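Working notes, beginning with the structure itself.
The values are calculated or read from the model by the stated rules, or taken from the named source; none is laboratory data. Fair warning: this is a prediction, and the values are worked out from it, not measured in the lab. Cβ: placed from backbone, ideal geometry, glycine included. Neighbour counts: every protein chain shown. For the accessible areas, the whole protein counts, side chains as well, though only heavy atoms, and no ligand, DNA or RNA atoms are used. Shrake-Rupley method; radii C 1.70, N 1.55, O 1.52, S 1.80 Å.
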Amino acid sequence: MVLTSSDPEPFTINVPIAGTLNQFWHPVLQQNGCVFKPIEHFEVAMLNLIFHPNINSTSIMRADILYDSVIDSRKDVAVSFENYAIKEKEICCEIEKLGIFLRCVRIKRRIIREIIPRNQDKDLPMRQSCLLLSDGAGSSSILYLPHGIESPESTPYYHPAVSGILLHYTSTRTHNGTNRLQLFYRLFSPSPETVALPNRLERTALRLLATACKHSLGVMNGYQKRVQHDVVIDQVSFQDTYVSLKRRYARDLVSRWVESTDPKKHVFEDLAIAAFLMELWDARYTEKGSAKKSINFVDIGCGNGVLVYILIMEGYTGYGFDARRRKTWEIFPDHVQDCLREEVLVPYLCLDTGMEIGNKGLRFHDGKFPERTFLIGNHSDELTPWIPLLGQPFIVIPCCSHALSGAKYRYPTSIQLPLESAPRHNQKLSTYGALVEHVAKTAHDVGWVVEREMLRIPSTRNAAIIGVEMRSGDAMGQIWTAEDIIRREGGAAGFSDRVVVLTSKNPRSH
């Protein structure tokens, strides 16, 4: 959606251009009435899009910045980048001759990035120069120049099949409609301006122009991003590990899927969670690479067992259990199947004194784990509020809202949290947001240093609450015992009966 006063329209260059130059630079779209005052709002928005190209294309995972003239000195530029600067200056001379700048063009900032595609089995990464151009007289441009791309056939799918892209903004001091944003393509070979562009190039141009308008207006209006990713674990480390796991496991797991659920959602979600956990453990447990010796994990409510399978195949020690055995377990190697158990968690904190442990032939787990066991609760529903109370480091990814009794329950959506990690204070929350905040508060009150991450997984229920270190009673509030928390929450009567009933129901799809 384009958030400006008029729709984009095709345009032509009104200034005559000598020779065949105009046949390389093809004017595509123009948006009139774009008022970004001051012009720095446009520049800030475009720089953000340079650092985050995935905003423009879901086929792109991220960009690695190889050089930035604002941060790096000239001596930090690799020889290959410096050699490419000659071509950059030549193309800047071409742009001057387009007549769209009032004065001489200067390179205000030079960024060289490497675009990392989401599917690296189909497309290779591509290096690209991103130049912020200015004439100091009310015009600013972003010029994208791919490195080493000499023809449409050699262009990656995620990039338009052109040798250059120019987004040019002209600002005036009056609101007379002459403020405009223009998009040009630089074609690989001379082509008459009257020749129609392929439909895909036109659609891409519309998307680029619309995104530039929307984000520039957002900067001008003071927009702030509400969801912050990569707070706990670095994006590059996580995504590199995720891509590695996906290459090794995704195709095989999807092809052998035996559940009625969507294999791609579950497989890719568990691959991403596994990648996050592996990076988290490497970062938090002793030295890099030794986490496999330090970690014993337990996946509580492991469902299809894919996460357990990946972690064990990667050399970690642990197991998972669920109230119901899943068909997927049978596709795993025997040594992985041995680590998947059909058990029901009834924490010792709420175990009914009159309950028969052998009830209906079920196996029960009392929630007592060896020291330094890392607990995983991925959409574990009834078990979610219990996990922070079990005295072991954990990660919880909440989904459906339940009380400690196991009954469905909606927590108050207007709450006050003193936690430093809380993203918003004293604001009305969604039902899911209230559940996440409640779990975080429970973890904090029982003594955990609470960390949060919005996971990069294919699910809207992607908030992770993490507790690795314990805090001391200080300005962050007193530490409650687990028993105190249970009493505060109204007890846990009926929990064991409710989880036993789960064994006779069909598994949930998440």
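Annotations for the structure displayed:
- Candidate lysines for bridging to K37, where Cα separation is under 29 Å - those fewer than 8 sequence places away on the same chain excluded: K89, K97, K108, K214, K225
- Whole-Hz Karplus values for region 242-251 come out as 4, 4, 4, 5, 4, 5, 7, 10, 4, 4 Hz, taken residue by residue from phi with 6.51 cos²θ - 1.76 cosθ + 1.60 and θ = phi - 60°; glycine and proline positions read x.
- Taking amide hydrogens as placed 1.01 Å from N in the peptide plane, the amide H of S380 sits under 5 Å from those of I397, C399, each at least 5 positions away in sequence or on another chain.
- Put C400, C104, C34 in order of accessible area, highest first, and with a 1.4 Å probe you get C104, C400, C34.
- Couplings 3J(HN,Hα) of region 488-498, computed from phi: 4, 7, x, x, 10, 4, x, 4, 4, 5, 5 Hz, in residue order, whole Hz [Karplus 6.51 cos²θ - 1.76 cosθ + 1.60, θ = phi - 60°; x for Gly and Pro].
- Fraction of accessible area attributable to carbon and sulfur, region 452-491 (%, probe 1.4 Å): 52
- Each residue was assigned an accessible area with a 1.4 Å probe, and for R452 the value is about 40 Å².
- If the segment from A407 to R471 were pulled out straight at 0.36 nm per residue, it would be longer than the present Cα-Cα gap by 20.0 nm.
- Karplus-derived 3J(HN,Hα), 6.51/-1.76/1.60, for each residue of region 110-120, Hz, glycine and proline x: 10, 10, 10, 10, 10, 7, 9, x, 5, 10, 7
- Length gained when the stretch D366-D240 is fully extended (0.36 nm per residue, less Cα-Cα span): 41.6 nm
- Where a label projected 7 Å from the Cα of K264 along Cα→Cβ would reach, residues of region 22-66 with amide N under 15 Å: 58-60
- Model label sites at E483 and R247, defined 7 Å from Cα along the beta-carbon direction, differ in position by 5.4 nm.
- Region 100-214 - percent relative contact order, Cα under 8 Å, separation 6 or more: 17
- When T317, T155 are compared by accessible surface with a 1.4 Å probe, the order from highest to lowest is T317, T155.
- Amide H within-cut-off set for F188, under 5 Å, with H built and near neighbours excluded: S163
- Stokes-Einstein diffusion for region 111-212, with the hydrodynamic radius set to the Kirkwood value over Cα pairs and evaluated at 37 °C in a medium of 0.692 mPa s, equals 216 µm²/s.
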